[in-house]
1. Give the residue that is nearest to Arg58 (Cα to Cα), with candidates limited to residues of segment 130-148 that are of a type in the set (D, E, K, R) and in contact (Cβ under 8 Å) with a residue 40 or more places away in the chain.
2. Quick check on segment 113-131: of everything there that is more than 12 Å from Ser40 (Cα to Cα) and modelled with pLDDT of 95 or more, which residue is surrounded by the fewest Cβ atoms within 10 Å (Cβ to Cβ)?
3. Taking the criterion of being outside any helix (DSSP H, G or I) and either acidic (Asp, Glu) or more than 25 Å from Ile18 (Cβ to Cβ) (or both), would at least one residue in segment 86-94 satisfy it?
4. Residues in segment 38-55 that are farther than 13 Å from Phe25 by Cβ and either of a type in the set (Lys, Arg) or surrounded by fewer than 21 Cβ atoms within 10 Å (Cβ to Cβ) (or both): how many?
5. Does any residue in segment 52-64 that is farther than 14 Å from Ile38 by Cβ come within less than 9 Å, Cβ to Cβ, of a residue that is at pLDDT below 95 and assigned to a loop (DSSP other than H, G, I, E, B) six or more places away or on a different chain, and which pairs are these?
6. Only residues that are at pLDDT 95 or above and either closer than 16 Å to Arg58 by Cβ or of a type in the set (A, V, I, L, M) (or both): list them for segment 93-112, please.
7. Condition first: surrounded by fewer than 15 Cβ atoms within 10 Å (Cβ to Cβ) and over 14 Å from the mean Cα position of the chain (by Cα). Now tell me which residues in segment 80-112 satisfy that.
8. Does any residue in segment 18-39 that is touching a residue at least 12 places away in the same chain (Cβ under 8 Å) and under 11 Å from Ile110 (Cβ atoms) come within less than 6 Å, Cβ to Cβ, of a residue that is in a strand (DSSP E or B) and charged (D, E, K, R) six or more places away or on a different chain, and which pairs are these?
Amino acid sequence: MCTAFNGEKQQSDAIYDIDDYADTFWNDIERAEASVIISSPRLNTEKVTCVISTLEKRQEPGVKATIVTWHPDAYAYGRDDIRMQPMERLRMAGFEIRLAERDCEHYAVIDRRIVWYGSVNPLSKEDAEDNLMRVQSEEIAGQLLEMTFETG
């Protein structure tokens with residue numbers, strides 16, 4: 001799932017499914033130069049471990065990592081302590097955590113120009129019918145971030 005950077009140029013403006021997105025997605029994360037913002041309603045241990053290990057070497061040169069996820073009280077499945085563990089691991093690894101109480105989309109924005117958007121929950125379980133679009137667009141990235149971080 002979490003793969004090492006292979007140095008290949010990533011294909012822009014493509015649709016991926018759960019069988020073929022992971023290599024390109026994690027390569028994009030690993031190539032980040034300034035920022036990674038991942039909006040994932042739920043978190044699981046395996047993918048949290050992956051994002052921490054992928055971004056830890058990028059954070060030292062200044063890549064800012066932000067995770068947007070549901071507030072633990074926003075969903076009632078499972079135990080509170082289990083839901084809090086991945087968030088605390090991210091926080092301890094230097095990630096900014098933003099808690100959503102209303103809407104929490106499925107996306108990642110890398111360097112404010114590479115956008116992954118679709119039904120895949122980037123830091124949790126995938127479904128067989130999930131898919132993601134990968135586009136390079138500062139305009140779309142800006143719209144997603146404005147929608148997420150608006151203060152109105």
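1. The qualifying residue nearest to Arg58 (Cα to Cα) is Arg134.
2. Residue satisfying both the conditions and the ranking: Arg113.
3. There is at least one residue in segment 86-94 that is outside any helix (DSSP H, G or I) and either acidic (Asp, Glu) or more than 25 Å from Ile18 (Cβ to Cβ) (or both).
4. Summing the residues that are farther than 13 Å from Phe25 by Cβ and either of a type in the set (Lys, Arg) or surrounded by fewer than 21 Cβ atoms within 10 Å (Cβ to Cβ) (or both) in segment 38-55 gives 8.
5. Final answer for the pair search is Ser53/Cys2.
6. Across segment 93-112, the qualifying residues are Ala93, Gly94, Phe95, Glu96, Ile97, Ala108, Val109, Ile110, Asp111, Arg112.
7. Passing the criteria: Asp80, Asp81, Ile82, Met84, Gln85, Glu88, Arg91, Met92, Gly94, Glu101, Arg102, Asp103.
8. Every condition considered, the pairs that remain are Ser35/Lys64.
The values are calculated or read from the model by the stated rules, or taken from the named source; none is laboratory data. The structure displayed is predicted, hence computed values, not measured ones. Positions of Cβ are backbone-derived with ideal geometry, glycine not excepted, and every protein chain shown enters the neighbour counts.
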